[in-house]
1. Give the Rg (one decimal place) followed by the Dmax (whole number) of the stretch 81-124, computed from C-alpha coordinates and expressed in Å.
2. Please list 3J(HN,Hα) in residue order for the stretch 95-108, calculated via the Karplus relation 6.51 cos²θ - 1.76 cosθ + 1.60 where θ = phi - 60°; whole Hz, with x for glycine and proline.
3. Just grab the label-to-label distance for Gln116 and Arg67, each label 7 Å out from Cα along the Cβ direction, in nm (one decimal).
4. Only four residue types carry charge here, +1 at the Cβ of Lys and Arg and -1 at the Cβ of Asp and Glu. Report the dipole size of the chain about the Cα centre in Debye, rounded to the nearest 20.
5. Multiply the residue gap between Ser124 and Ser7 by 0.36 nm, knock off their C-alpha separation, and tell me the result in nm, one decimal place.
6. Picking from Ser17, Gly75, Gln46, whose Cα lies most toward the positive end of the charge dipole for the chain (charges on Cβ: Lys, Arg +1; Asp, Glu -1)?
7. So which aspartates and glutamates can Lys43 reach, going by Cα to Cα under 13 Å and dropping same-chain residues fewer than 8 places off?
8. Taking only the alpha-carbon atoms of the stretch 43-124, what semi-axes of the equivalent ellipsoid follow from 5 times the gyration tensor eigenvalues under a square root, in whole Å, largest first?
Amino acid sequence: QVQLVESGGGLVQAGDSLRLSCAASGRTFTVYRMGWFRQAPGKERQFVAAISWNGGRTYYADSVKGRFTISRDKGKDTVYLQMNSLKPEDTAVYYCAGTRTPTISDYEGVYDSWGQGTQVTVSS
């Protein structure tokens, strides 16, 4: 497994932007496909975005497509989630996760490494 630590969450107003970071430790980080998930109070955790091991492929939930961008810097062992045009319904704890499955996935069951989460709150 790879160890993951998220940062960058906070309280913002609707329409603002935030960039979340997920720092990884472990020599096998480069073979991991990475994903971002989120969980709002009283709701199940849901998929947000995923990226392939080399950053060449990305996949987004419809609710964030066109507003969020996932990227990775292999030299820094870090994955980012740039969130623009934030809405109150984006309020949640955001988690990054890693998987060694051969393709990127929106299914949380294939992810075997998880961070502790970072809170994002968007006020209206």
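1. 12.9, 40
2. Per-residue couplings from phi come out as 10, 9, 8, x, 9, 9, 5, x, 10, 6, 8, 9, 9, 5 Hz.
3. The two pseudo-label positions are separated by 2.8 nm.
4. Details: 14 positive and 11 negative charges, 65 e Å.
The dipole magnitude comes to about 320 debye.
5. Working: separation 117, 0.36 × 117 = 42.12 nm, distance 2.27 nm.
Length gained between Ser124 and Ser7: 39.9 nm.
6. Gly75
7. Glu89, Asp90
8. Values: eigenvalues 89, 42, 32 Å².
For the stretch 43-124, the semi-axes come out at 21, 14, 13 Å.
Taken together, the values in this text are just the output of simple stated rules run on the coordinates, not laboratory data. These numbers come from a predicted model, not from an experiment. Virtual Cβ from ideal backbone geometry, glycine too; neighbours counted across all protein chains shown.
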